[in-house]
Every structure is written in structure tokens, then in C-alpha cells.
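One structure is given below, encoded as C-alpha cells.
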Amino acid sequence: MRARTLLFVVVAVCGAGTGWSGESRLDLFGARPQMTATRVPLDPDDPTRRRIGRLTFMGGVHLTSADPAFGGFSALAVVGDRVTMLSDGGNIVAFRLGGDGQLSDQRFAALPGGPATGWRKLDRDSEALAIDPRTGATWVAFERANQIWRYSSALRHAQASARPAAMRRWRANGGAEALVRRRDGSFVAIEEGRAPGRPWRAGLVWAGDPTVKAEPAFRFRYLPPAGYDPADAVELPDGRLLVLNRWFGLPLRFANILVAIDPHAIRSGAAVRGQVIARLAAPLTHDNFEGVAASVERGRTIIWLLSDDNQTSLERTLLLKFRLDDPPRSQGGGSRVSG
């Protein structure tokens with residue numbers, strides 16, 4: 001994503017003249033997982049605040065680790081009480097998060113395969129993941145390679161991959177940013193970048209596993225809120241698509257808007273705008289949120305947001321938990337469509 005590129009340029013310029021040459025191996029996790037969680041409020045100035053839009057804040061943590069490979073998490077999935085985070089260098093962090101904010105059953109690992117050799121961070125620019133909760137099979141979208149890979153449960157073995165022709169012209173630093181596996185077995189992918197003068201982003205829908213049949217069933221156009229880029233998406237229990245959109249401004253300012261799209265709005269050739277669910281920006285606790293997940297607790301829909309710290313001290317790895325207080329909508333409502 002583009003904010004990360006800007007940070008890389010700044011760091012590269014500051015490090016010029018040090019005598020370094022060549023590209024070192026990307027950082028991999030040590031043998032023992034080591035991570036801590038510190039609670040954070042929704043509003044640092046008002047710890048009692050719980051509401052933003054149609055979301056009720058249920059808690060949040062700042063995740064930290066002394067492991068140099070930790071950070072840069074762009075993809076998120078929550079199945080039951082198991083949280084899986086995937087970095088834009090292909091590193092995996094999985095754990096259980098208790099109601100008291102305590103972590104347990106931690107696992108640090110690296111993707112067992114992916115585009116190119118995996119030596120460089122750019123080889124493993126994983127930006128989105130989707131899990132089949134019944135089998136644990138996991139699909140990962142790689143932005144720069146514009147490829148989709150399928151892995152076994154818990155991301156322990158690579159099984160299949162595809163480079164869909166429909167994604168090959170997506171920008172290297174603005175490609176597949178969102179990947180959703182819907183309960184009917186279909187998949188949705190949305191690109192992050194756009195061509196100059198074109199407000200919409202390309203969206204693709206596959207009837208089944210894209211690593212089996214790479215040609216999508218149809219295409220649509222997603223129009224994010226003005227000035228925002230799509231960062232991730234997930235299917236809600238009622239079938240709507242929840243899209244996390246991100247705004248970036250200098251110096252290191254971020255904001256997010258969550259929108260919901262009626263599933264019937266996503267059809268061949270349609271231009272789709274979502275309905276705003278919530279906005280997250282200063283003075284609320286905020287950062288470079290790039291991951292979104294949904295789960296169900298006691299019959300209520302839970303929304304999770306994950307921030308990418310770009311492995312810098314200027315940003316944080318935040319995991320926020322919300323309850324969605326938005327009643328399911330009837331068919332055809334909730335989104336504006338043109339086509």
C-alpha cells in the first residue's frame with residue numbers, strides 16, 4: 001500500500017551513505033513466540049465513550065513484541081476465539097484473546113511458500129486472507145505479485161496458487177488489497193489502486209476457489225468514499241460485504257471509514273457504493289488500520305480492526321473489537337448501485 005512505500009523511501013534516504021549494498025533476508029520470527037497486549041480505550045480523552053456510528057466498542061489492545069520480525073500486519077481473520085494476523089512480509093501470528101485482554105496459545109510462523117523465493121519482503125507482500133471455517137483452508141492475496149494462494153489449515157502447507165489474468169494489470173503497489181470467501185463458496189477481490197481520473201476500483205467475483213479456476217465469473221466497480229482507498233473486506237453474517245477504507249495524509253495521519261454493501265448490489269458491471277457504518281479518526285484511538293474481520297458472539301456480530309505499524313516506532317499494532325448494532329437489512333437495501 002502507498003503509505004508503506006512513502007515510509008520506506010523516508011527510511012532509505014535517512015540510511016543513505018552507510019555503505020550497505022544488496023538486499024538482506026526479510027526478518028523471520030524466533031523459535032519462541034513473545035507478545036504482550038496492553039489495553040487501549042476508544043477515546044483517550046473520554047474513557048467512557050463506547051459508540052462510533054453503528055458500532056459499540058468492546059475493547060482494544062496494543063500488541064507488542066521484542067521479536068524484530070514483529071509488525072506490519074495487513075490481514076486479519078477471526079474464527080471462534082482464534083485470531084490470525086498476517087504481515088506484509090508473510091509472517092504469521094496466531095493466538096487466543098481472552099475477555100480480560102490476556103493472550104494465550106500464541107504461535108509465530110512464516111508462510112510455507114508463496115510468490116518468488118521469499119527472500120525479500122516484497123516476495124511475500126500478503127495483504128488479505130480468507131478462511132473456510134469448516135475446513136480451515138486459507139486463501140491469501142499477494143498485492144505486488146497479484147496472485148492468490150491456498151494453504152492448509154493454520155497456514156501450515158501451501159496447496160495451490162493462481163495468477164488470475166484479470167488481476168495482472170493491477171498496480172504492483174495497489175493490487176489485491178481485499179479478499180473475501182463468502183459462505184456460498186464464492187470469492188470477492190478488490191484492488192487498492194486506481195488509474196488517474198478513475199474514482200472506482202476493480203472488483204472481481206469467482207463462483208468458486210480462484211486457485212482452481214482463475215478466470216472470474218464477473219467484474220464490478222467499487223467506489224470508496226472520496227479520498228479513501230479500500231484496505232480490506234469481510235462478509236458479515238447477514239451476507240453483506242463490509243469494506244474497510246483508509247485515508248492517509250502527511251505527516252502520518254490516518255482515518256478509516258467502514259461501509260456495508262448489500263450482496264445483491266454486487267453484480268456484473270455494477271458500480272457500487274457502500275453505506276457508511278462508522279468513521280474512525282482523531283481524537284479517537286486510530287492508526288493505519290488495514291485489516292478487518294467479523295465473528296459472532298452470543299448471536300451478535302463482532303467487528304475486529306487491525307492496524308499495520310509498518311514496523312516503525314511511529315505507528316502501533318492495534319486490535320480493536322466492536323459490536324455491530326446494525327439490524328440486518330432486507331434484500332436490495334443498504335447500497336446505491338448504477339450499472
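The values are calculated or read from the model by the stated rules, or taken from the named source; none is laboratory data. Quick caveat, the model's predicted, so the values are computed rather than measured. Here the Cβ positions follow ideal geometry from the backbone for every residue, glycine too, while neighbour counts run over all protein chains shown. Surface areas here come from the heavy atoms of the whole protein model, side chains and all, with no ligands, DNA or RNA. Shrake-Rupley method; radii C 1.70, N 1.55, O 1.52, S 1.80 Å.
Tabulated results
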item: Leading residue at positive end of dipole, the chain (Cβ point charges), from 299, 91, 220; result: 220
item: Inter-centroid distance (Cα atoms) of the stretch 30-91 relative to the stretch 227-261, Å; result: 17 Å
item: Gained length - residue 165 relative to residue 36, 0.36 nm times residue gap less alpha-carbon distance; result: 42.3 nm
item: At most 13 other Cβ within 10 Å, DSSP loop - GluC sites (Glu not before Pro), the stretch 166-250; result: none
item: Of every Cα-Cα pair in the chain, the percent that sits beyond 33 Å; result: 21 percent
item: Relative contact order computed over the chain (Cα-Cα under 8 Å; 6+ residues apart), in percent; result: 16 percent
item: Spacing of the two label points (7 Å from each Cα toward its C-beta) at residue 200 and residue 135, in nm; result: 3.3 nm
item: Accessible carbon and sulfur surface of the chain relative to its total accessible area, %, 1.4 Å; result: 52 percent
item: Label zone at residue 223, where the point sits 7 Å out along the Cα-to-Cβ direction: the stretch 174-203 residues whose backbone N lies under 11 Å; result: 199-201
item: Listed residues 288, 170, 313: farthest to the positive end of the dipole of the chain (Cβ charges); result: 170
item: Given charges at Cβ of Lys, Arg, Asp, Glu: the stretch 57-201 dipole, positive-most of 70, 115, 57; result: 115
